[in-house]
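Below: the structure, in structure tokens.
The values are calculated or read from the model by the stated rules, or taken from the named source; none is laboratory data. Since we're looking at a predicted model, the values are computed, not measured. Heads up, the Cβs are rebuilt from the backbone with ideal geometry, glycines too, and the neighbour counts pull from every protein chain shown. These area figures cover heavy atoms from the full protein model, side chains too; ligands, DNA and RNA do not enter into them. Shrake-Rupley method; radii C 1.70, N 1.55, O 1.52, S 1.80 Å.
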Amino acid sequence: MRSGLGTGGVPKIAEAARAARREQIIAAGLACFARSGYHAATMADVAVQAGVSKGTPYLYFDSKEALFLALHEEWDCSAGQRVNAAIAALPAADRGSPRRVLHAIAAAIAAHVTAEPATCRVLMEARALAAHEPAVAAAVRAADARGHEQLEGLITEGVRAGEWPDGTDAALAARLFTAGLYGLMAQWHLAPGSFSWDHAAAALAGD
């Protein structure tokens with residue numbers, strides 16, 4: 001019996017090596033997009049950045065767009081994990097307060113922006129690309145829809161709990177929160193350190 005095999009008889013070491021190479025290609029793509037922008041960067045640039053042959057990136061991603069979308073998905077997943085961890089770390093009483101949870105969400109996203117500035121800066125470009133790139137537009141809309149649904153539900157709970165005034169339009173409030181967050185991201189990248197993310201998170205949550 002052969003040992004060290006994964007699903008379908010593929011050696012686990014080969015799976016790990018492939019996953020590591022994929023992450024290497026994504027990191028190289030990030031560096032190229034950050035340096036040149038989406039349109040100017042090429043898959044050949046990515047190969048050079050990663051130190052691999054020209055064809056290697058295509059073994060993992062069909063196109064530059066697919067690589068960009070993978071970067072977008074990684075950002076979304078890691079930001080979601082940071083948000084979930086921030087909420088879980090709240091005292092029990094605060095987890096029962098929608099406004100305190102909203103503050104924790106804003107603070108977690110702010111921490112993610114400052115921890116991953118290059119990725120954030122690259123993905124801010126996704127919103128401009130969405131006007132002309134259907135696949136990017138679909139990814140942006142899907143991410144926005146997920147976030148908006150969660151925020152709207154949270155604010156609706158807050159209205160019922162008396163933390164927001166009766167008659168508050170939860171859908172509009174959720175959009176304003178998101179718009180404020182993205183606006184602050186754009187300003188922070190243009191002028192890093194020009195404001196306190198802690199204070200901004202509190203203001204977004206209405207604290």
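Phi-derived couplings, Karplus 6.51 cos²θ - 1.76 cosθ + 1.60 at θ = phi - 60°, listed residue by residue for the range 23-34: 5, 4, 5, 5, 4, 5, x, 4, 4, 6, 5, 5 Hz, with x used for Gly and Pro.
Between residue 27 and residue 199, the C-beta separation translates, for a Förster distance of 41 Å, into a calculated FRET efficiency of about 0.80. When the P(r) of the range 139-207 is calculated, the portion above 19 Å amounts to 41% of the C-alpha pairs.
The phi-based Karplus calculation (6.51 cos²θ - 1.76 cosθ + 1.60; θ = phi - 60°) puts the 3J(HN,Hα) values of the range 124-133 at 4, 5, 4, 5, 6, 5, 4, 5, 10, 10 Hz, whole numbers, x for Gly and Pro.
For the range 89-131, the Stokes-Einstein estimate of translational diffusion at 25 °C and a viscosity of 0.890 mPa s comes to 203 µm²/s, using the Kirkwood hydrodynamic radius over alpha-carbon pairs.
By how many nm would the segment from residue 65 to residue 178 lengthen if fully extended, with 0.36 nm per residue of separation less the alpha-carbon distance?
That pair, residue 65 and residue 178, stretches by 38.2 nm at full extension.
Per-residue surface analysis assigns residue 63 an accessible area of about 40 Å², computed on protein heavy atoms at 1.4 Å probe radius.
Dividing the convex hull volume of the alpha carbon atoms of the range 11-59 by its residue count gives 61 Å³ per residue. What is the calculated FRET efficiency for residue 78 to residue 166, with r their C-beta to C-beta distance and R₀ = 30 Å, to the nearest 0.05? So, using R0 = 30 Å, E works out to roughly 0.20.
Against the compact-protein benchmark of 2.2 N^0.38 Å, the Cα-based radius of gyration of the chain scales to 1.20. With Rh defined as the Kirkwood radius, the inverse of the mean 1/r over Cα pairs, the Rg/Rh of the range 70-153 is 1.02.
Given the -39500 (n - 2.57) contribution per DSSP H run of 4+ residues, what per-residue ellipticity at 222 nm results for the chain, rounded to the nearest 500 deg cm²/dmol? After summing the helix terms and dividing by the residues of the chain, the value is -24000 deg cm²/dmol.
The share of accessible area on the chain that comes from carbon and sulfur is 57 percent, using a 1.4 angstrom probe.
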